[in-house]
Amino acid sequence: MKYEEVHFVDSTKPVWNYSLFTDEDIRNFQQGTHYRLYELFGSHRVTVLGRTGYYFAVWAPNATAVSVIGNFNDWSPDKHPLYVRLERSGIWEGFIPDIAVGESYKYHIRGFNGGTLDKGDPYCNFWEMRPKTASITWELDFFWQDGEWMQSRKVHNALDAPWSIYEIHLASWMRPDPNNEERYNSYDQLRELLVPYVKKMGFTHVELMPVMEHPFDGSWGYQGTGYYAPTSRFGDPQGFMALVDAFHREGIGVILDWVPSHFPYDYHGLYLFDGANTYEYADMRKGFHPDWNSYIFNYSRGEVKSFLISNARFWLDKFHADGLRVDAVSSMLKLNYSRQAGGWEPNEYGGDGNLEAIAFIKDLNATVFRDFPDVQTIAEEATDWPGVSRPTFAGGLGFGMKWMMGWMHDTLDYFKLDPVHRRHHQDKFSFSMMYYYDENFVLPLSHDEVVHGKSPMIFKMPGDEWQKHANLRLLYTYMFTHPGAKLLFMGDEFGATTEWNYKTELPWFLLQYDAHRLLKDCVRDLNELLRGEPALYENQFNIYGFEWVDLRHRDECVIVYRRKGRDAAGDVLVILNMTPIVRRDWKVYARGKDAWTEVFNSDDRKYWGTGDTNNPAIPVRLVDETDGVYEVTVHLPPLGAIVLK
């Protein structure tokens with residue numbers, strides 16, 4: 001850091017020509033290789049020559065003048081001008097002594113073609129509560145108490161660990177007033193309410209829909225303006241840190257939704273930041289997203305790449321996040337994503353891949369796993385792009401996992417069928433294992449499946465009320481025993497009967513009814529089963545963890561498979577009966593085990609099942625001594641699943 005002469009203006013607070021940047025910082029920033037920009041840009045409380053105040057730095061390469069405006073100078077653009085660090089760096093900076101913590105401010109920018117703009121700070125850590133749009137000077141000091149988790153999380157976040165993720169929208173999980181969309185539980189209240197609930201339900205991780213500051217509630221956080229700040233809707237940054245800390249102290253990992261694909265056109269945000277296309281592509285064939293009416297980051301620009309990768313590191317570093325679920329990866333990879341012919345331009349090789357975005361994604365993942373080897377990055381990617389979750393050194397994109405959208409669509413299509421028709425569609429049900437080993441997959445039943453007319457999970461199921469609940473218990477058992485990580489959106493665990501609405505809270509009143517309360521117990525016990533049976537997770541991403549045992553009874557809609565861990569003694573056998581017909585004395589032929597015990601039955605009365613069809617004792621008979629094949633005789637409950645060990 002260095003400082004030069006003091007420059008006084010018509011203010012009680014002078015502006016000092018002071019810098020935190022070295023020449024090497026600037027070179028790396030411009031080349032797209034500076035990944036700690038949050039330590040330099042934004043506002044930072046420092047003491048210079050005995051004077052304490054805030055150092056400000058902003059990138060505005062097309063600006064001809066930049067000043068800091070705020071309550072401390074009556075929002076006057078003439079009182080606190082910033083200096084250009086180097087002539088062609090585009091970095092404007094300066095130190096203003098005596099600025100306090102908690103001051104609202106913006107950058108007043110005279111930009112392209114002489115226009116003026118008042119912009120929030122892209123790197124600030126705290127914003128005013130919407131509809132206000134100013135940044136706030138802040139510090140990220142916090143006493144973390146999650147040391148035990150941080151030391152051991154490489155075990156919890158490993159690919160051979162159980163992954164059961166509870167996806168949460170913080171504003172609408174629970175509200176202090178269910179009928180008032182302007183009232184929220186604070187981070188502190190969520191710490192008291194949400195953390196014990198997730199712990200009791202047995203989920204291993206939570207995934208928080210974007211907590212980064214955003215102006216419009218209806219975007220659910222996916223249209224962000226404050227990439228370096230948790231939203232002020234629920235409190236200050238320390239409140240969010242305490243929430244993460246509380247999850248960690250209960251042994252629960254925290255995944256954050258992250259959106260490096262696009263941003264909105266709000267006046268105070270990144271769009272036309274200095275009057276020109278600074279963060280977004282200038283060519284709207286690449287720079288505008290027609291589906292979301294938003295703007296696409298310019299991945300070819302080194303400064304933008306540094307901004308985004310620094311941002312990913314910021315949440316992992318300063319907020320102890322255990323991973324990032326990267327949104328809309330497909331839209332980043334494809335130049336023709338959601339574009340008609342003539343609305344996009346091929347890359348230099350004539351293809352449809354965005355080469356700059358591909359390079360950015362690879363650098364992102366390589367950097368994250370280099371600096372934080374005990375976290376995960378997860379791609380929301382819906383195409384057949386190869387190697388999404390393969391290492392960059394092996395030619396992949398480098399993500400740790402990828403959402404298995406094909407499994408989700410095929411599974412829901414199958415379960416929506418009346419059971420009488422399922423025998424004709426078994427191939428759709430079993431197809432997932434044909435391509436499962438291509439990637440490290442997460443099985444997602446996310447928020448996207450219970451909005452926009454798609455209906456809540458319980459009403460996707462056919463039949464009367466009992467059959468709907470039985471089908472849903474059957475689906476969840478299949479999901480929790482299928483290889484891969486699991487993700488369930490909030491409310492699905494108790495069979496919410498309305499589509500998710502961000503303006504209200506979940507329909508918790510349903511828990512007064514046995515069907516819903518006991519469905520929640522079923523999900524809790526499936527989480528316990530997952531965590532307690534290594535066969536369900538130790539080999540979840542390799543060919544040794546799964547074996548089809550019986551796909552030959554499609555007319556009866558009975559499907560049998562085996563899950564295998566490192567120790568064959570812990571294998572489990574999963575038997576699914578996809579019809580409401582009770583099947584007694586059903587024969588299953590499985591190798592290597594002369595004794596089996598029922599450890600889970602989705603038709604148990606404690607889950608609102610019939611409780612009439614279970615297996616207190618399971619006859620096993622050796623039928624092929626050469627191959628070690630045993631005949632296992634079980635009773636199959638209607639629309640039920642049993643798990644044997």
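Using the Cβ atoms and a cut-off under 14 Å, what net charge is assigned to the surroundings of D594, where Lys and Arg are +1 and Asp and Glu are -1?
Local charge sum for D594: -1.
Please arrange D384, D438 by how many other C-beta atoms lie within 10 Å of their C-beta, fewest to most.
D384, D438
Only sites in a loop by DSSP and with at most 15 other Cβ atoms within 10 Å count here; which GluC sites (Glu not before Pro) in the range 341-447 make the cut?
Answer by residue number: E348.
Sort 72-82, 29-39 for me by packing, meaning the mean count of neighbouring Cβ atoms within 10 Å per residue, highest on top.
Output ranking for 72-82, 29-39: 29-39, 72-82.
Write down the percent of antiparallel bridges among all DSSP beta bridges whose residues are both part of the chain, to the nearest 5.
Of those bridges, close to 70 percent are antiparallel.
Just need log10 I(q)/I(0) for the range 112-211 at q = 0.12, 0.15, 0.22 Å⁻¹, Debye formula, equal scatterers on the alpha-carbon atoms, no solvent, rounded to two decimals.
Treating every Cα as an identical point scatterer, log10 I(q)/I(0) equals -0.65, -0.91, -1.32.
Please identify every one of the trypsin sites (Lys or Arg not before Pro) in the range 367-468 that sits in a loop by DSSP and has no more than 16 other beta carbons within 10 Å of its own beta carbon.
Here the trypsin sites (Lys or Arg not before Pro) that fit, given the DSSP loop and packing criteria, are K454.
Once a ≥ b ≥ c are taken as the square roots of the eigenvalues of the Cα gyration tensor of the range 2-136, is the result rounded (a/c under 1.5), prolate (a/b larger than b/c) or oblate (a/b not larger than b/c)?
rounded
Between the range 407-464 and the range 176-213, how many Å separate their Cα centres?
28
For the cross-link pairs K454/K520; K79/K305; K154/K606; K428/K468; K318/K402; K606/K645, which exceed 27 Å when the distance is taken from alpha carbon to alpha carbon?
Flagged as over cut-off: K79/K305; K154/K606.
Cα to Cα, under 18 Å, and not fewer than 8 places away if on the same chain: which aspartates and glutamates meet these conditions relative to K593?
Here the aspartates and glutamates satisfying the reach criterion relative to K593 are E533, E547, D550, D567, D571, D624, E625, D627, E631.
What percent does the relative contact order of the range 15-65 come to when contacts are Cα pairs within less than 8 Å and at least six residues apart?
Once normalised by length, the contact order is 26 percent.
Starting from the 7 Å offset along Cα-to-Cβ, what nm value, one decimal, do you get for the label separation of A65 and E192?
Taking the simple label geometry, A65 and E192 are separated by 5.1 nm.
Hey, fewest Cβ within 10 Å first, where do E87, E499, E213 land in order?
So the residues, fewest neighbours to most, are E87, E499, E213.
Expressed as a whole number of Å, what is the distance separating the alpha-carbon centroids of the range 242-296 and the range 149-173?
Spelled out, the Cα-based centre of one part sits 23 Å from the other.
Could you work out how much longer the chain between D118 and K200 gets when fully extended? Use 0.36 nm per residue separation minus the Cα distance between them, nm to one decimal.
Separation in residues times 0.36 nm, less the Cα-Cα distance, equals 24.8 nm.
When the helices in the chain are scored as -39500 (n - 2.57) per DSSP H run of 4 or longer and the sum is shared across all residues, what 222 nm value do you end up with, to the nearest 500 deg cm²/dmol?
The helix-only estimate for the chain comes to -7000 deg cm²/dmol at 222 nm.
Where a number appears in this text, it was derived from the coordinates with a stated rule and is not lab data. Just so we're clear, the structure is a prediction, and the values are computed from it rather than from any experiment. FYI the Cβ positions are ideal-geometry reconstructions off the backbone, even for glycines, and counts take in every protein chain you see.
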